[in-house]
């Protein structure tokens with residue numbers, strides 16, 4: 001099997017994929033009772049396998065439980081605080097049968113932030129497992145969930161997991177409701193409408209508080225069908241889902257196609273770069289979904305001569321740099337489709353053969369890059385080396401002027417919904433620019449602007465340049481306050497294991513990058529073993545911006561500085577830090593030091 005590079009096929013727009021069934025419940029009932037589908041595998045977890053028929057039976061058991069605990073008033077929202085275990089999918093199936101909404105809770109959220117997510121989405125029933133109960137313990141007295149509606153499952157507990165210490169045992173609740181002979185979901189009862197909200201999926205929250213994106217049964221089913229068309233899936237295909245199921249990438253690219261096409265998914269509790277290839281081989285996985293930096297982390301594992309000897313056929317995701325995508329495809333013999341995407345949906349571009357490096361695709365009539373008022377930005381000017389010459393005038397927000405696309409709004413956040421849909425357009429919150437040939441490039445989030453010596457530019461191209469260094473696994477670029485005015489460029493780097501950092505050679509390498517002008521070159525370099533990240537491996541830049549170059553915040557990570565006109569970086573010492581703090585005070589900008 002040989003690498004084929006990043007795929008340039010045209011991605012069908014959302015409207016090109018029809019609804020595969022009248023509603024989600026009808027689809028699951030078809031899969032579980034049709035003799036051609038029911039005996040096929042649906043869910044794999046380590047050495048356990050559930051067929052589509054067995055999966056339907058599990059969903060029916062859970063549906064009876066959800067019905068018995070349905071609130072007398074208010075929304076029917078079920079919070080799920082689980083790793084990627086089969087019970088996550090059982091809850092999703094049960095919710096489809098009885099019209100409940102699954103709220104995927106992020107296990108990396110803590111204290112007030114987790115409490116806010118539960119309260120914000122009106123969760124009335126919460127399912128968790130012992131390994132996550134410590135997240136709930138500090139907020140238990142304020143949790144807006146009745147004690148008997150907090151269910152703790154030990155079914156898939158592993159050695160070393162703590163014993164259940166709060167809530168109600170799930171096994172007990174399931175046994176009790178089975179004995180009542182509850183109404184059979186999908187029997188005589190009317191199935192939920194296809195426009196019933198099936199899931200609330202939080203955005204990553206890399207730049208502000210996560211927003212809960214409304215996802216109806218229609219959207220998830222149509223997206224699952226569309227993804228199956230893109231990935232050319234059939235019933236014998238196996239997806240490998242190691243991205244968290246509370247995120248849209250895992251739900252819509254990993255799981256949803258499997259129920260639409262009668263295929264199966266293999267679940268991993270969490271992503272592990274070192275275990276990835278063994279899992280893919282062990283489960284016979286043919287497709288894989290990713291978001292954020294997993295490809296880079298997998299590439300950082302020791303290379304073996306038989307890496308391409310695996311069943312994987314295609315990977316689909318976003319935020320992979322061109323260099324990483326190409327290297328991953330070549331090493332593992334996999335077609336990689338790296339597409340522009342967000343939890344909200346709303347923007348689609350066409351990928352095609354021969355695209356320029358770094359481009360996401362060619363824009364159609366409706367996708368534009370605009371300023372805050374909606375005026376279209378001028379086309380980007382690139383020099384012969386690919387350096388962006390007019391960033392301040394060409395970079396803007398990526399919008400879809402034809403409408404919202406599949407975006408169905410944010411739950412309990414009318415202001416954010418209005419902001420994302422003003423003028424009847426969909427505003428992505430992503431920065432980009434379009435070249436003279438109509439190709440779109442990603443330039444970061446709207447918060448990712450850096451201003452150095454009066455010049456505004458996005459962080460995205462700086463990160464892309466840093467990612468080309470052979471020793472860099474992950475790079476983040478961001479602005480940190482300058483003592484006099486504006487910002488200075490800082491980068492945080494995760495390097496390959498065992499790679500040494502040569503401050504002289506690194507400065508020379510940066511100076512040799514043709515697309516990095518003098519103001520775009522990093523003033524500060526932080527070396528770290530791991531960056532603050534969401535559960536989907538997206539770097540949380542607001543944390544890096546807060547930590548800056550301050551030793552009391554960077555956890556002992558070495559920070560290097562390069563003074564203007566110096567030929568090399570040097571270690572940023574305690575004396576340097578004290579001098580810089582004094583400079584902020586003298587210039588009247590002490591507040592920026594403290595931010």
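The values are calculated or read from the model by the stated rules, or taken from the named source; none is laboratory data. Every value quoted in this text rests on a predicted model; they were computed, and no experiment measured them. In this analysis, Cβ positions are derived from the backbone assuming ideal geometry, glycine residues included, and neighbour counts consider all displayed protein chains.
For the reader, a short list of remarks on this structure follows.
- Selection count where residues are surrounded by fewer than 22 Cβ atoms within 10 Å (Cβ to Cβ), over 24 Å from residue 120 (Cβ atoms) and under 30 Å from the mean Cα position of the chain (by Cα), scope region 61-76: 0
- Restricting region 478-514 to residues that are touching a strand residue (DSSP E or B) at 6+ places or on another chain (Cβ under 7 Å) and part of a loop (DSSP other than H, G, I, E, B), the residue that is surrounded by the most Cβ atoms within 10 Å (Cβ to Cβ): 482
- For region 208-217, filtered to residues that are modelled with pLDDT of 95 or more and either out of contact with any strand residue (DSSP E or B) (no Cβ under 6 Å at 6 or more places or on another chain) or farther than 21 Å from residue 114 by Cβ (or both), the residue that is surrounded by the most Cβ atoms within 10 Å (Cβ to Cβ) is 217.
- Within region 23-41, being assigned to a loop (DSSP other than H, G, I, E, B), more than 30 Å from the chain's Cα centre (by Cα) and buried (at least 17 other Cβ atoms within 10 Å of the Cβ) holds for 37, 38.
- Top-ranked residue in region 310-324 [being more than 26 Å from residue 213 (Cβ to Cβ), surrounded by fewer than 23 Cβ atoms within 10 Å (Cβ to Cβ) and at pLDDT below 95; ranked as nearest to the chain's Cα centre (by Cα)]: 322
- Residue count, region 356-377 (criterion: under 27 Å from residue 518 (Cα atoms) and surrounded by 14 or more Cβ atoms within 10 Å (Cβ to Cβ)): 6
- Members of region 108-130 that are crowded, with 18+ Cβ neighbours inside 10 Å and either without any contact (Cβ under 8 Å) to a residue 12 or more places away in the chain or under 19 Å from residue 536 (Cα atoms) (or both): 109, 114, 117
- Scanning region 245-266 for residues that are out of contact with any helix residue (DSSP H, G or I) (no Cβ under 8 Å at 6 or more places or on another chain) and surrounded by fewer than 22 Cβ atoms within 10 Å (Cβ to Cβ) turns up nothing.
- Candidates in region 551-580 are the residues that are within 36 Å of the chain's Cα centre (by Cα) and outside any loop (DSSP other than H, G, I, E, B); of these, the one that is farthest from residue 492 (Cα to Cα) is 577.
- Annotation note: of 44, 8, the sole residue that is more than 28 Å from residue 148 (Cβ to Cβ), under 26 Å from the mean Cα position of the chain (by Cα) and modelled with pLDDT of 95 or more is 44.
- Residue ranges of strands (runs of 3 or more DSSP E) in region 351-461 with at least 3 members at pLDDT 85 or above and farther than 30 Å from residue 196 by Cα: 367-370, 426-434, 439-445
- The residues of region 520-544 that are in a helix (DSSP H, G or I) and surrounded by fewer than 19 Cβ atoms within 10 Å (Cβ to Cβ), listed by number, are 542, 543.
- For region 278-304, a residue qualifies if it is buried (at least 20 other Cβ atoms within 10 Å of the Cβ) and at pLDDT 95 or above, and the qualifying residues are 280, 283, 285, 286, 287, 288, 289.
- Every listed requirement among (1) crowded, with 21+ Cβ neighbours inside 10 Å; (2) under 24 Å from the mean Cα position of the chain (by Cα); (3) modelled with pLDDT of 80 or more is met by residue 335 save one, (1).
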